[in-house]
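This report refers to the structure that appears directly beneath it.
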Amino acid sequence: MDSLRCFATDTPSATKELGQTLAELLTDGDLLVLTGDLGAGKTCLTQGIGVGLGIEDRITSPTFTIASQYDGRLRLNHLDVYRVGQISETLDLDLPELLETGVTVIEWGEQIDPALPEDRLVVRLGYGDGDDDRSIRFEAQGERWTARLDTLASALGTWEVQC
Amino acid sequence: MTVVLAIETSCDETAVAIVRNGTEVLANVVSSQIDIHAEFGGVVPEVASRAHLEMLEPVLTKALDDAGMTGTDIDAVAATHGPGLIGALLVGVSEAKALALAWDVPYVGVNHMEGHLFATFLEQPDLEPPLVVLLVSGGHTLIVHLEALGRYRILGSTIDDAAGEAFDKVARYLDLGYPGGPVIDRLATEGDPTAIKFPRGLLTKGNVGDFDFSFSGLKTAVINYVRKHPEATDADLAASFQEAVVDVLVTKAMRAADHVAAKGVCLGGGVAANSRLRERFAEEAAERGIDCLVPARAFCTDNAAMIAAAATWRLANDGPTGLDDGATPNLALPTV
Amino acid sequence: MLTLAVTSSTALVGVALADLTNEGGAANVADVGRAEILASHEVLTDRRHAEELTPMIAEVLADAGVSLDDVERFAVDVGPGRFTGMRVGITTVRTLAVATGGLVVPVTSLEALAAAHPGRNVTAVIDARRAEVFQQRFGPDGPLSEATVGGAEELAALVDDGDVVVGDGADRYLDFYNGPGRELIADRAPSAELIASIAASRTAVPGHEIEPLYLRAPDVQVNIKTRHNT
């Protein structure tokens, strides 16, 4: 499938670096949905994205308060919706409005799938063979992302692997 | 004489307390929602907000009954206005502001983290600053230098997951149930804390002057270990994981106390209910010959008495908060 | 009878103080208009319901020159609408009532919308987001259907030609709600003044009996399932 690209990293700092490189190509209104088991590196990747967006504040896990915002070259909306039980509740957080400004990264975003717009980059993080090995799969959904996937993948060429 | 009624609804405890002069606890009622959320493996915000709305009225009535008071005896009303879950916070803030309006007394919005710092003084009002306070909960991991009441510096905090979050996530991974802290605490007593050598995040010699924490790597190390050693017992995993967390927390807090020449060290936040942490913290403080306060578990976990204590001080020093106050989910501790 | 009415279940936060002179009428929403409004404030806000509401109550009381202790009865919009806004209004009014010994009349947001058009068939529609609306139909003598939540397209099909269609839900899903013979007054929110009027004909209850009308259960089970599949 054309809308799929795969990458691999072997340290948390490489995952961060991938996020940083990716962030340089992100634009206002981009939505990234991160999925993957506990410890797969969702927050780690987001920290890299933060660096790439020029955010100086420390990006920590948003699990407790659900949503955090940081200002950089673009605003970063960082959400962890693992505990968000009800889809309408995410809309009470004014999700549609959040999505309009800056880059939005949603950890465990698949849980509120129906509440999210169609245009999104789904990033699946998984464990590899070694302790620190991670597989990172991009699934471009919607015109906004399918059109850019080749550009993104070539910028991340260092880490690209066969899917 | 100031009698403050305080409301705490920042997360999953609905709490009301009445405190005289900042230290004398006349009523301290806490209604926990843990049973409700256990089913979902964590606090579900909308469920929490609904439960606060249902529970607040009876909890308030019980607090007034316990203190043998009515509205006319109350001099000020306070509420936690952050950090916490926005929908949950707003129930408490709305209730407190309405009471202030009805009773015609000042309203005080209180920072939840400052409340935890004041929990210390509820039990030992004569504790002398400067102090180093280790605040550990589901949402926070902080080492605070308390120079004087109202004067705080953050010496260190987590760069990824909070300590309590690590407990919850490891318990979730091992299928031990929710909340993770008490389950792991209990299970650890049956296991060997030296069975598995888990990494101590940011604790190497090169990091001696660094009081920040990292628990994400530890969480991943537990997961990796289980993947490779499916035969490992939950008890050994729990004991070894807990030992790693406690080791980092206590070592860093004591190094910070040395660094600022603190007269004493205190423990606060929900994770401060952990038995092993309480034990190690007291031992190490005793070795250094400095004051040590490990509050009763009831004052470590979320409660409104600590909010009333902080409100009493804030009211005397900064005056009341306006009735146009709202809630801020990511509210930071006010620092100098 | 001095009545303080509050709404905060939509983007509109409103407070009205009214003198109700006629009680005990039939319990239908058309039975309004007997309230003399003494003071009233309202503001549109996105997320500052809690910030706006308490000071607004103080201002309305000050404008009318009465104290809270003079208020004999409260009325509150119990939804359906935005959960956080509903809880702010209900918590506030319930607390004021309990503290002052007053009673409270619960009024739904949909009734309040319909009450602006006495004598007509009205479909009241409130945006429930994620392509859904809260909806109820009213006739000159009272409700014609239950308050319900559902897809906007599906519920819009239940509107009769000739209805007045009112509320922000109709505004958001205009394409579905426009139709021959319908009068669309979409850009409206429940008003505190009408809530006070409706309260004139209703029985008041103790504050602690007031409950929000969520209409939607927190359907966490769905997500628990998702979680186990991943």
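Just to verify a number: FRET efficiency for residue C:72 and residue B:32, C-beta to C-beta distance, R0 = 45 Å, to 0.05? Walk me through the numbers on the way to the answer.
Details: r = 37 Å, r/R0 = 0.83.
Calculated value: 0.75.
Determine the per residue accessible area of the range B:1-46 with all protein chains present and a 1.4 angstrom probe, expressed in square angstrom. Provide the component values of the computation, followed by the final result.
Numbers: 1420 Å² over 46 residues.
Per-residue accessible area for the range B:1-46 comes out at 31 Å².
Which of the residues in the range A:47-64 lose at least 30 Å² of accessible area when you go from the chain alone to all protein chains together (probe 1.4 Å)?
The answer is A:58, A:60, A:61, A:63, A:64 - residues whose exposure falls by at least 30 Å² when every protein chain is included.
Expressed as a whole percentage, what fraction of the accessible surface of chain C belongs to carbon and sulfur atoms when a 1.4 Å probe is rolled over the protein heavy atoms? Each step should come with its number before you reach the end.
On the way: 4230 of 8970 Å².
Its accessible area is 47 percent carbon and sulfur atoms.
Rounded to the nearest 5, what % of DSSP beta bridges with both residues in chain B are antiparallel?
Numbers: 27 of 45 bridges.
Antiparallel: roughly 60 percent of the beta bridges in chain B.
Take the Cβ-Cβ distance between residue B:127 and residue B:275 as r, set R0 to 22 Å, and report the resulting FRET efficiency rounded to the nearest 0.05. All intermediate terms of the calculation are to be shown ahead of the outcome.
Numbers: r = 23 Å, r/R0 = 1.03.
Efficiency at R0 = 22 Å is approximately 0.45.
If you rank B:228, B:197 by how much accessible surface each has, with a 1.4 Å probe, what is the order from largest down?
Numbers: B:228 120, B:197 165 Å².
Largest accessible area first, the list is B:197, B:228.
With label points built 7 Å along Cα→Cβ from the Cα atoms of residue A:146 and residue C:141, find their separation and express it in nm.
Distance between the two pseudo-spin positions: 5.7 nm.
Most mobile of C:73, C:130, C:188 per a Gaussian network model of chain C (Cα springs, under 10 Å)?
Evaluated over chain C, the most mobile residue of the options is C:130.
Add -39500 (n - 2.57) for each DSSP H run of 4 or more in chain A, then divide by its residues: what number comes out at 222 nm, to the nearest 500 deg cm²/dmol?
Details: 6 runs with 46 residues, N = 163.
After summing the helix terms and dividing by residue count, I get -7500 deg cm²/dmol.
Give the cysteines in chain A for which no other Cys Cβ lies under 4.7 Å away, or write none if there are none.
Isolated Cys, chain A: A:44.
Antiparallel DSSP bridges in the range A:4-156: what percent, to the nearest 5? Mind showing how you got there, number by number?
Numbers: 19 of 32 bridges.
Beta bridges within the range A:4-156, antiparallel portion: roughly 60 percent.
Give the accessible surface of chain A per residue, rounded to a whole number of Å², with probe radius 1.4 Å and ligands, DNA and RNA excluded. Intermediate values should be presented prior to the final figure.
On the way: 6250 Å² over 163 residues.
Accessible area per residue, chain A: 38 Å².
Take every DSSP beta bridge whose two residues both sit in the protein assembly as shown, then give the antiparallel share in percent to the nearest 5. Before the final figure, lay out the partial values.
Numbers: 78 of 124 bridges.
Beta bridges within the protein assembly as shown, antiparallel portion: roughly 65 percent.
Using the Karplus equation 6.51 cos²θ - 1.76 cosθ + 1.60 (θ = phi - 60°), what ³J(HN,Hα) coupling, rounded to whole Hz, does each residue of the range C:49-60 give in order, writing x for Gly and Pro?
Whole-Hz 3J(HN,Hα) from phi for the range C:49-60: 4, 5, 5, 7, 5, 4, x, 5, 4, 4, 5, 4.
Apply the Karplus curve 6.51 cos²θ - 1.76 cosθ + 1.60, θ = phi - 60°, to the phi angles in the range A:106-116 and return the couplings in whole Hz, x for Gly and Pro.
For the range A:106-116, the Karplus-derived couplings read 10, 7, 6, x, 4, 6, 10, 2, x, 8, 9 Hz, x marking Gly and Pro.
Using a 10 angstrom cutoff on alpha carbons, build the Gaussian network for chain B and name the most mobile of B:75, B:12, B:126.
Answer for the Gaussian network model of chain B: B:126.
Return the loop-located GluC sites (Glu not before Pro) in the range B:1-50 (DSSP other than H, G, I, E, B) with at most 13 other Cβ atoms within 10 Å of their own Cβ; answer none if there are none. Walk me through the numbers on the way to the answer.
Details: sites: B:8, B:13, B:24, B:39, B:46; in loops: B:39.
Here the GluC sites (Glu not before Pro) that fit, given the DSSP loop and packing criteria, are B:39.
Compute the separation of the alpha-carbon centres of the range C:130-208 and the range A:117-163 and state it in Å as a whole number.
With the range C:130-208 and the range A:117-163 each reduced to a Cα centre, they are spaced 46 Å.
Rolling a 1.4 Å sphere over the protein heavy atoms, what is the accessible area per residue of the range B:128-299, to the nearest Å²? All intermediate terms of the calculation are to be shown ahead of the outcome.
On the way: 6420 Å² over 172 residues.
Value for the range B:128-299: 37 Å² per residue.
Run the numbers on the range C:95-133: which residues show a drop of 10 Å² or more in accessible area, chain on its own versus all protein chains together, using a 1.4 Å probe over heavy atoms?
When all protein chains are present, C:95, C:96, C:98, C:99, C:129, C:130 each give up 10 Å² or more of accessible surface.
For the range C:70-94 and the range B:95-153, compute the distance between their C-alpha centroids and round to whole Å.
Cα centroid of the range C:70-94 versus Cα centroid of the range B:95-153: 30 Å apart.
Averaged across the residues of A:124-137, what count of C-beta atoms belonging to other chains lies within 10 Å of each residue's C-beta?
Neighbouring Cβ atoms belonging to other protein chains average 1 per residue here.
Which chymotrypsin sites (Phe, Trp or Tyr not before Pro) in the range A:64-163 sit in a loop by DSSP (not H, G, I, E or B) and have at most 12 other Cβ atoms within 10 Å of their own Cβ? Can you show the working numbers first?
Values: sites: A:64, A:70, A:82, A:108, A:127, A:138, A:145, A:159; in loops: A:64, A:82, A:108.
Loop-located and lightly packed - none at all.
What number, rounded to the nearest 500 deg cm²/dmol, is the helix-based mean residue ellipticity at 222 nm of chain C, given -39500 (n - 2.57) per DSSP H run of at least four residues and division by all its residues? Kindly include the intermediate steps, with their values, before the conclusion.
Working: 8 runs with 72 residues, N = 230.
Dividing the helical sum by the residues of chain C leaves -9000 deg cm²/dmol.
By its C-alpha gyration tensor, with a ≥ b ≥ c as the square roots of the eigenvalues, how is the range B:93-166 shaped: rounded for a/c under 1.5, else prolate for a/b larger than b/c, else oblate?
Numbers: a/c = 2.73, a/b = 1.48, b/c = 1.84.
In terms of gyration-tensor shape, oblate.
What residue among C:209, C:72, C:193 has the largest mean-square fluctuation in a Gaussian network model of chain C, using Cα springs under 10 Å?
The residue that fluctuates most here is C:209.
Heavy atoms only, probe 1.4 angstrom, no DNA, RNA or ligands counted: give me B:35, A:37 ranked by accessible area, highest first.
Working: B:35 135, A:37 85 Å².
Most to least solvent-accessible, the answer reads B:35, A:37.
Rounded, prolate or oblate: which one fits the range B:128-299, using the alpha carbon gyration tensor with axes a ≥ b ≥ c (rounded when a/c is under 1.5, else prolate when a/b beats b/c, else oblate)? Don't skip to the end; give the middle numbers.
Details: a/c = 1.97, a/b = 1.75, b/c = 1.12.
Since a/c reaches 1.5 and a/b is larger than b/c, the shape of the range B:128-299 is classed as prolate.
Quantify how strongly other chains surround peptide C:59-72 by giving the mean number of their Cβ atoms within 10 Å of each of its Cβ atoms.
Working: counts 0, 0, 1, 0, 0, 0, 0, 0, 1, 5, 2, 0, 0, 0.
So the per-residue partner count for this stretch is 1.
With all protein chains present, how much of the accessible area of the range A:13-163 (probe radius 1.4 Å) comes from carbon and sulfur, to the nearest whole percent? Don't skip to the end; give the middle numbers.
Values: 2450 of 5520 Å².
Result for the range A:13-163: 44 percent of the exposed heavy-atom area is carbon or sulfur.
Can you give the accessible area of residue B:113, probe radius 1.4 Å, in Å² rounded to 10?
10
Once the Cβ-Cβ distance between residue A:6 and residue A:56 is put in as r, and R0 is 25 Å, what FRET efficiency do you end up with, to the nearest 0.05?
Numbers: r = 32 Å, r/R0 = 1.26.
The value I calculate is 0.20.
For chain A, take the longest principal axis of its alpha carbons; what is the angle in degrees between that and the long axis of helix A:42-52, to the nearest 10 within 0 to 90?
90
When only Cα pairs under 8 Å and 6 or more residues apart are kept, what is the percent relative contact order across chain A? Don't skip to the answer; put the middle values down first.
Details: 327 pairs, mean separation 57.0, N = 163.
35 percent.
At 1.4 Å probe size, what's the solvent-accessible area of residue B:292? Round to the nearest 10 Å².
Residue B:292 exposes around 50 Å² with every protein chain in place.
Considering only protein heavy atoms and a 1.4 Å probe, what is the carbon-and-sulfur percentage of the accessible area of chain B? Before the final figure, lay out the partial values.
Values: 5820 of 11410 Å².
Carbon with sulfur: 51 percent of the solvent-accessible area.
So who's got an amide H within less than 5 Å of the one on residue C:76, skipping anything under 5 residues away but keeping other chains? H placed 1.01 Å off N, in plane.
So residue C:76 has HN proximity to C:6, C:105, C:107.
Buried accessible area for the C:A pair, summed, 1.4 Å probe, in Å² rounded to 100?
Details: alone 10820 and 8150 Å², together 17480 Å².
Heavy-atom accessible area buried at this interface is about 1500 Å².
Once you average over the residues of A:35-41, how many Cβ atoms of partner chains fall within 10 Å of each Cβ? Don't jump to the answer; show the numbers that get you there.
Numbers: counts 1, 1, 3, 8, 13, 2, 2.
Whole-number average of other-chain Cβ neighbours for A:35-41 is 4.
Could you please state, rounded to a whole Å, how far the C-alpha centre of the range B:296-336 is from the C-alpha centre of the range C:34-62?
First find each Cα centre; the distance between them is then 27 Å.
Nearest 100 Å² is fine: what is the total accessible surface buried where chains C and B meet, probe 1.4 Å? All intermediate terms of the calculation are to be shown ahead of the outcome.
Working: alone 10820 and 13640 Å², together 22130 Å².
Chain pair C/B: roughly 2300 Å² of buried accessible area.
From the helices alone, meaning DSSP H stretches of at least four residues, give me the mean residue ellipticity at 222 nm for chain B, per-run term -39500 (n - 2.57), in deg cm²/dmol to the nearest 500. Walk me through the numbers before you get to the answer.
Numbers: 11 runs with 149 residues, N = 336.
Here the helix-only value at 222 nm equals -14000 deg cm²/dmol.
Each residue of the range B:288-295 in order: what ³J(HN,Hα) in whole Hz does its phi give by Karplus 6.51 cos²θ - 1.76 cosθ + 1.60, θ = phi - 60°, with x for Gly and Pro?
Those phi angles translate into 7, x, 10, 4, 9, 10, 10, x Hz.
Among the residues of the range C:41-55, which ones have their accessible area go down by 20 Å² or more when all the protein chains sit together, as opposed to their chain alone (1.4 Å probe)?
For the range C:41-55, once contacts with the other chains are taken into account, C:46, C:47, C:50, C:51, C:54, C:55 lose 20 Å² or more.
Rounded to whole Å and sorted largest first, what semi-axes of the equivalent ellipsoid does the C-alpha gyration tensor of the protein assembly as shown yield via the square root of 5 times each eigenvalue?
Details: eigenvalues 416, 250, 75 Å².
Computed over the protein assembly as shown, the values are 46, 35, 19 Å.
The values are calculated or read from the model by the stated rules, or taken from the named source; none is laboratory data. As the structure is a prediction and not an experimental result, all values here were calculated from the model. Note that we place each Cβ from the backbone using ideal geometry, even for glycine, and neighbour counts take in every protein chain shown. Note: accessible area is taken over every heavy atom of the protein model, side chains too, but ligands, DNA and RNA are not part of it. Shrake-Rupley method; radii C 1.70, N 1.55, O 1.52, S 1.80 Å.
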